[in-house]
Amino acid sequence: MRILLAGLLAAGAAALGSHELTSSSATAALPGDVWPVYGQAAFIETGQSHVRAGPNQHAAPIASVAKVMTAYLVLRDHPLRPGEDGPTLTLTGVDVDDTDRRRGRGESIVPVAAGERLSERQALLALLLPSANNIAAVVARWDAGSPERFVARMNAVARSLGMTHTRYTDPSGYDDATVSTAADQVRIVDRAMRVPVFARIVATPSAWLPVAGIVRNTDTLLGRDGFVGVKTGSDDAAGGCFAFRAVRFIHGRRTTITGVVLGQPGRDRIAAGLEAADAMVDRLAGRRPRLRPPRPPTP
């Protein structure tokens with residue numbers, strides 16, 4: 001059923017071409033090979049008002065890239081100033097049971113305990129660095145009373161941002177029916193990065209949590225080649241995905257590139273998404289990519 005839904009949404013989005021979202025006032029023409037060979041990608045540059053989208057834009061699973069919207073919505077409803085930790089969330093036996101269930105399914109989680117107290121900032125660190133699906137459920141219930149009501153808010157924000165090929169069905173992206181396009185996701189990533197606390201969190205290499213201890217950011221490009229975030233995602237249906245921001249000199253001008261790659265193939269899907277983004281930014285900057293060529297899909 002999930003696959004059928006994604007297919008129907010993809011068919012409905014088939015008319016979305018690579019030029020429809022390209023700014024008519026865009027800077028120099030893109031290199032012919034800027035886009036990844038597989039999957040889909042899009043980006044927006046400093047000073048541009050429109051997303052530049054590559055070919056093959058269609059609604060597809062986005063895995064944990066969905067957590068960008070989750071974090072943005074939490075921070076919209078519960079703003080934090082730089083340096084603030086925010087309200088405290090106290091975890092319960094329900095959260096522990098949910099975590100155990102998710103662990104049994106092989107989901108990405110952080111260990112929790114009943115009575116554990118997490119600040120809003122710590123919860124967002126757990127959500128965005130090690131990509132904890134159980135904490136996505138925790139913050140959804142805290143923010144909206146239930147994951148279902150939270151998801152309804154996610155979709156309302158998506159509509160308000162013009163993300164017409166996006167449908168969220170869960171706050172973590174684990175559900176394959178949570179689908180979007182690279183071009184749509186660039187819109188929410190760009191909006192989230194305008195929130196200083198969000199930008200600081202996704203630029204954090206590691207953090208300490210009361211029960212989990214030290215957790216590390218899955219974005220191993222962070223701090224290299226101008227990359228300053230944002231969020232990885234990967235599973236069987238989505239392939240390797242990466243929402244990113246990098247700062248590079250392009251045509252002699254310091255340029256901020258905010259982009260998304262989806263559906264990258266490879267045995268190590270997280271690495272595949274990171275490599276595709278790094279190579280894409282290299283090409284935009286006029287540099288020969290240092291990484292190996294895209295790998296063919298695994299059987």
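Below, the figures for the structure above:
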| quantity | calculated |
| --- | --- |
| Wholly enclosed strands (runs of 3 or more DSSP E) of the stretch 193-299 bearing at least 1 residues closer than 27 Å to residue 175 by Cβ, modelled with pLDDT of 95 or more and touching a Gly at 6+ places or on another chain (Cβ under 6 Å) | 227-235, 239-250, 253-264 |
| Close pairs (6 angstrom Cβ cut-off, 6 or more residues apart or separate chains): within 17 Å of residue 56 (Cβ to Cβ) and surrounded by fewer than 24 Cβ atoms within 10 Å (Cβ to Cβ) in the stretch 250-279, among the aromatic types (Phe, Trp, Tyr) and at pLDDT 95 or above anywhere | 265/38 |
| Flag if residue 8 is aliphatic (A, V, I, L, M), modelled with pLDDT of 95 or more and over 21 Å from residue 280 (Cβ atoms) | no |
| Those residues of the stretch 137-164 which are under 18 Å from residue 120 (Cα atoms), crowded, with 18+ Cβ neighbours inside 10 Å and out of contact with any helix residue (DSSP H, G or I) (no Cβ under 7 Å at 6 or more places or on another chain), in sequence order | 142 |
| Filter result (among the basic types (Lys, Arg) and assigned to a loop (DSSP other than H, G, I, E, B)) within the stretch 47-102 | 81 |
| Residue in the stretch 154-163 that is under 22 Å from residue 110 (Cβ atoms) and not small (Gly, Ala, Ser) present | yes |
| Single unsatisfied condition, residue 131 versus (1) closer than 13 Å to residue 212 by Cβ; (2) in a helix (DSSP H, G or I) | (2) |
| Test for residue 218: is it polar (S, T, N, Q) and touching a strand residue (DSSP E or B) at 6+ places or on another chain (Cβ under 7 Å) | yes |
| Residue within the stretch 123-136 that is among the polar types (S, T, N, Q), in contact (Cβ under 8 Å) with a residue 12 or more places away in the chain and surrounded by fewer than 17 Cβ atoms within 10 Å (Cβ to Cβ) present | no |
| The stretch 103-122, residues that are surrounded by fewer than 16 Cβ atoms within 10 Å (Cβ to Cβ) and in a strand (DSSP E or B) | 117 |
| Output for the stretch 174-198, where each listed residue is in contact with a strand residue (DSSP E or B) (Cβ under 6 Å, 6 or more places away or on another chain) and either closer than 18 Å to residue 39 by Cα or free of Cβ contacts under 8 Å to residues at least 12 places away in the same chain (or both) | 176, 179, 182, 183, 185, 186 |
| Criterion (closer than 18 Å to residue 243 by Cα, of a type in the set (S, T, N, Q), exposed (fewer than 15 other Cβ atoms within 10 Å of the Cβ) and in contact (Cβ under 8 Å) with a residue 40 or more places away in the chain) met by exactly one of 46, 70 | 46 |
| Where a residue in the stretch 215-234 is among the charged types (D, E, K, R) and its partner, wherever it lies, is modelled with pLDDT of 95 or more and surrounded by fewer than 19 Cβ atoms within 10 Å (Cβ to Cβ), with Cβ under 6 Å and at least six apart | 216/206 |
| Residue count, the stretch 155-168 (criterion: over 15 Å from the mean Cα position of the chain (by Cα) and part of a loop (DSSP other than H, G, I, E, B)) | 4 |
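The values are calculated or read from the model by the stated rules, or taken from the named source; none is laboratory data. This is a predicted model, so every value here is computed, not measured. Virtual Cβ from ideal backbone geometry, glycine too; neighbours counted across all protein chains shown.
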